[in-house]
């Protein structure tokens, strides 16, 4: 007979007077409740959790002993009255451990609510219907499937250490000998099993988070463009830095291709916003631009089609994208320029200070005005030049401690000085992005993309 502890069973036999048969009184099954994350003690994966991921994190959280909570043990044994459980099971704070008993797996499933922290399972229970009766641990495997989030202690006969060790290999947190139990040992085993299960769950979610981050990096790296410039004498360099923490891809996008007639087409764009949806839309626009360009579209016709793509793919009507496209003639001396709400490119030539290309005919950003037009401007490049396309992340960083921005004038001066120092290509872009970050006093909050095309005489 178990006394001096908190016990919950499905049926409690209460003797009545006069030698009458005992009356069976059902004990209410505790109502299921959700354990808050702060109570569960669940370790958080190394990434922001929100939306479906937040629900997944809650669903996988291990029931844990939170501050002020009472540890609950579910004992699954066919003879609860003859249980070796002794009185005075205490948690680490000296509070009584609540014990709930079930005589079979059907009762156990009804009692297995979210406030149960640990299961003590008698391995001598008969295998559940439908399971392999030759498997000595069939009942344990069934419980582990039934309660993947709970700590499990296996209870076996003294001297059957091999079976207990196998139970741990299968998934139990520990095993105990039936005839060697006392209150102190069992209390400690329960606390240990709960903490070990919590640690295992945290480690698993951490490993899953790392794997997910690696997969995301591989995916994002694969989405970055590989310019198609075979046969061109132009040199290409690019620098990309997303504003999102731990991301490889942001809402900025760029590309460059050479069509069969020898024309080199380059573009750079910026989807408003900085989240993964904006990054995905940027990739869609870049891929659409490449396909349309290789199909022979350019100028206003190309941008109008891209606007249709954006309007169809964007999640919100408020989302827009700026874009700059250039098509450089096969001789490399002139180019067509289209601007859709985007900053004008910078051009630098020997013996002449860097300057911005004309932007008087700058059209609206894509997605703002239905039926908009984007004039194509003809610009002279000369025999030798460097053409830099960039997004506004490069010019909107702060300068010093005040609220002043670097701006286009500050960028032009910075590039002039770096060119005078002999910086070219990748080295120039690396130095430019680094200096912008230094001037900002730390990491930039906006995405930054810079593309550099060079032609030697």
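Restricting attention to region 263-280, report how many residues are buried (at least 17 other Cβ atoms within 10 Å of the Cβ) and within 18 Å of the chain's Cα centre (by Cα). Here the count works out to 4. With respect to the conditions (1) crowded, with 16+ Cβ neighbours inside 10 Å; (2) assigned to a loop (DSSP other than H, G, I, E, B); (3) touching a helix residue (DSSP H, G or I) at 6+ places or on another chain (Cβ under 6 Å), residue 354 falls short on a single one, namely (2). Of all the numbered requirements in (1) within 28 Å of residue 279 (Cβ to Cβ); (2) surrounded by fewer than 18 Cβ atoms within 10 Å (Cβ to Cβ); (3) modelled with pLDDT of 90 or more, residue 222 misses one, and that requirement is (3).
Could you list, in sequence order, the residues of region 290-302 that are assigned to a helix (DSSP H, G or I) and either touching a residue at least 40 places away in the same chain (Cβ under 8 Å) or in contact with a strand residue (DSSP E or B) (Cβ under 8 Å, 6 or more places away or on another chain) (or both)? Explain how you work it out, then say what you get.
Quick first cut of region 290-302, residues assigned to a helix (DSSP H, G or I) only: 290-294, 299-302.
Scanning region 290-302 gives 290, 293, 294, 299, 300, 302.
In region 243-262, the residue that is modelled with the lowest pLDDT out of those that are surrounded by 20 or more Cβ atoms within 10 Å (Cβ to Cβ) and in a loop (DSSP other than H, G, I, E, B) is 249.
The criterion of being in contact with a helix residue (DSSP H, G or I) (Cβ under 7 Å, 6 or more places away or on another chain) and modelled with pLDDT under 95 holds for residue 315.
For region 303-324, the tally of residues that are crowded, with 17+ Cβ neighbours inside 10 Å and assigned to a helix (DSSP H, G or I) stands at 5. Criterion applied to 399, 450 was being at pLDDT below 95, surrounded by 13 or more Cβ atoms within 10 Å (Cβ to Cβ) and within 29 Å of residue 249 (Cβ to Cβ), and the one residue passing it is 399.
Filter region 339-351 down to the residues that are touching a helix residue (DSSP H, G or I) at 6+ places or on another chain (Cβ under 7 Å) and in a strand (DSSP E or B) and list them by number. Spell out how you get there, then give the answer.
Narrowing region 339-351 to residues touching a helix residue (DSSP H, G or I) at 6+ places or on another chain (Cβ under 7 Å): 340, 343, 346, 348.
Hits for region 339-351 are 340, 346, 348.
Among the residues making up region 103-121, none is closer than 20 Å to residue 174 by Cα and either modelled with pLDDT under 85 or over 40 Å from the mean Cα position of the chain (by Cα) (or both). Checked against the criterion of being touching a residue at least 12 places away in the same chain (Cβ under 8 Å), in contact with a helix residue (DSSP H, G or I) (Cβ under 9 Å, 6 or more places away or on another chain) and over 19 Å from residue 391 (Cβ atoms), the candidates 305, 322 yield just one match: 305. Yes or no: region 405-416 includes at least one residue that is part of a loop (DSSP other than H, G, I, E, B), out of contact with any helix residue (DSSP H, G or I) (no Cβ under 7 Å at 6 or more places or on another chain) and modelled with pLDDT under 95. Among the residues of region 405-416, not one is part of a loop (DSSP other than H, G, I, E, B), out of contact with any helix residue (DSSP H, G or I) (no Cβ under 7 Å at 6 or more places or on another chain) and modelled with pLDDT under 95, which makes the answer no. Can you tell me which residue within region 338-369, out of those that are free of Cβ contacts under 8 Å to residues at least 24 places away in the same chain and out of contact with any strand residue (DSSP E or B) (no Cβ under 7 Å at 6 or more places or on another chain), is farthest from residue 456 (Cα to Cα)? Among them, the one singled out is 369. Please specify each residue of region 431-449 satisfying the condition of being closer than 30 Å to residue 327 by Cβ and in a helix (DSSP H, G or I). Listed by number, the residues that qualify are 431, 432, 433, 436. Hey, does region 217-228 have a residue that's in contact with a strand residue (DSSP E or B) (Cβ under 6 Å, 6 or more places away or on another chain) and over 30 Å from residue 268 (Cβ atoms)? No: zero hits.
Tell me, please, whether a residue that is outside any loop (DSSP other than H, G, I, E, B), assigned by TED's automatic domain parsing to the domain that holds residue 204, crowded, with 21+ Cβ neighbours inside 10 Å and at pLDDT 70 or above can be found in region 61-73. Yes: one or more hits. Can you confirm whether region 165-178 contains a residue that is modelled with pLDDT under 85 and surrounded by 15 or more Cβ atoms within 10 Å (Cβ to Cβ)? Yes: one or more hits.
Here are 428, 419, 423, 452: which of them is assigned to a strand (DSSP E or B) and within 27 Å of residue 381 (Cα to Cα)?
Numbers: 428 fails: assigned to a strand (DSSP E or B); 419 fails: assigned to a strand (DSSP E or B); 423 fails: assigned to a strand (DSSP E or B).
Just a single option satisfies the conditions, and that option is 452.
Look at region 359-387 and say how many of its residues are in a strand (DSSP E or B) and more than 33 Å from the chain's Cα centre (by Cα).
Going residue by residue through region 359-387, those that are in a strand (DSSP E or B) are 363, 366, 377-380, 385-387.
So of that shortlist, the ones also more than 33 Å from the chain's Cα centre (by Cα) come out as 363, 377-380, 385-387.
Residues in region 359-387 being in a strand (DSSP E or B) and more than 33 Å from the chain's Cα centre (by Cα): 8 in total.
The values are calculated or read from the model by the stated rules, or taken from the named source; none is laboratory data. Computed from a prediction, not measured in an experiment: that's the story for all the values here. Every residue, glycine among them, receives a Cβ derived from its backbone with ideal geometry; neighbour counts consider all protein chains shown.
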